[in-house]
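The values are calculated or read from the model by the stated rules, or taken from the named source; none is laboratory data. A quick note: this is a predicted structure, and the numbers were derived from the prediction, not measured. Cβ sites come from the backbone with ideal geometry, for glycine too, and all protein chains shown count toward neighbours.
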């Protein structure tokens, strides 16, 4: 099992890796820069080498970069789309330097233009990005809850983006359990949901899973994460997904409302759930 949590990168790559080790994780997720889209902290070679050494020593799986929330390829404002593409190119290079093979990206919000127009803009933006992809980094599009004018709430929408981009092999998908439920997928029937994803997109495209409980019920279109077992999903659904043999080797990332100590408890909980079900 590859499991970790979203951690701060303020203390550098070594600080993030150390935090992951302290919570008994073997991966982690981090923002490429300030989550509101500020400037990126300069990478330090000494810090990177120490971080790489620690992760190798502790047998880490792939680590995950996450783009800031302010990025919006579907924005009706050209300046926002231009900013998003410019900084994404920088973030992809940073991810490569930090040996993070996955950069998770929210598709964006159409802002009243309509889903068809918004999805076309997302695909157009990613197509413009493809020539700038480092060979060791994939853009991983996150499925969303569908709150407001948010795009990417269904497997059909995600498949459409991939198809418009020629099903480029460096594009993948991130599924978030809280988002899936909010978007209307019944995770109590996880095998059925997984089968639908495989049929429409393909399990080989699933690169990252965000493991979160949900504060709102299935189909609510409300994106509010809850601690594992304290939301409407509950531990049995979390167990079905986290312990699914088809997902072993895929980074499971906690984004629950927790500090690092809370993440350590949840990582221990997930591991125990999987031991019990093995």
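Tabulated data for the structure shown
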| read-out | value |
| --- | --- |
| Number of the condition not met by residue 112 [criteria: (1) assigned to a loop (DSSP other than H, G, I, E, B); (2) closer than 16 Å to residue 171 by Cβ; (3) more than 17 Å from the chain's Cα centre (by Cα)] | (2) |
| Which numbered condition residue 73 fails, given (1) modelled with pLDDT of 95 or more; (2) part of a loop (DSSP other than H, G, I, E, B); (3) surrounded by fewer than 23 Cβ atoms within 10 Å (Cβ to Cβ); (4) on the phi < 0 side of the Ramachandran plot | (3) |
| Unmet requirement for residue 141, which otherwise passes all of (1) touching a helix residue (DSSP H, G or I) at 6+ places or on another chain (Cβ under 8 Å); (2) farther than 18 Å from residue 68 by Cα | (2) |
| Residue list for segment 20-44, restricted to those being in contact with a helix residue (DSSP H, G or I) (Cβ under 6 Å, 6 or more places away or on another chain) and closer than 20 Å to residue 103 by Cβ | 25, 28, 30, 32, 43 |
| Unmet requirement for residue 195, which otherwise passes all of (1) over 22 Å from residue 3 (Cα atoms); (2) within 17 Å of the chain's Cα centre (by Cα); (3) outside any loop (DSSP other than H, G, I, E, B) | (2) |
| Residues located in segment 102-117, provided they are touching a residue at least 40 places away in the same chain (Cβ under 8 Å) and on the phi > 0 side of the Ramachandran plot | 108 |
| Matching residues in segment 139-185 - criterion: being over 20 Å from residue 254 (Cα atoms) and in a strand (DSSP E or B) | 150, 171 |
| Among (1) touching a residue at least 12 places away in the same chain (Cβ under 8 Å); (2) surrounded by 13 or more Cβ atoms within 10 Å (Cβ to Cβ), the one test that residue 59 misses | (2) |
| Tally, over segment 173-185, of residues that are within 22 Å of residue 92 (Cα to Cα) and surrounded by fewer than 24 Cβ atoms within 10 Å (Cβ to Cβ) | 0 |
| Which listed residue, of 50, 41, is at pLDDT 95 or above and either surrounded by fewer than 17 Cβ atoms within 10 Å (Cβ to Cβ) or in a helix (DSSP H, G or I) (or both) | 50 |
| Subset tally (residues that are surrounded by 20 or more Cβ atoms within 10 Å (Cβ to Cβ) and within 22 Å of residue 269 (Cα to Cα)) for segment 7-25 | 7 |
| Among the residues listed as 253, 267, 237, 241, the single one being in a helix (DSSP H, G or I), buried (at least 16 other Cβ atoms within 10 Å of the Cβ) and under 16 Å from the mean Cα position of the chain (by Cα) | 241 |
| Qualifying residue in segment 206-225 (condition: touching a residue at least 40 places away in the same chain (Cβ under 8 Å), surrounded by 18 or more Cβ atoms within 10 Å (Cβ to Cβ) and assigned to a helix (DSSP H, G or I)) | no |
| Options 226, 264: the member that is out of contact with any helix residue (DSSP H, G or I) (no Cβ under 6 Å at 6 or more places or on another chain) and farther than 17 Å from residue 177 by Cα | 264 |
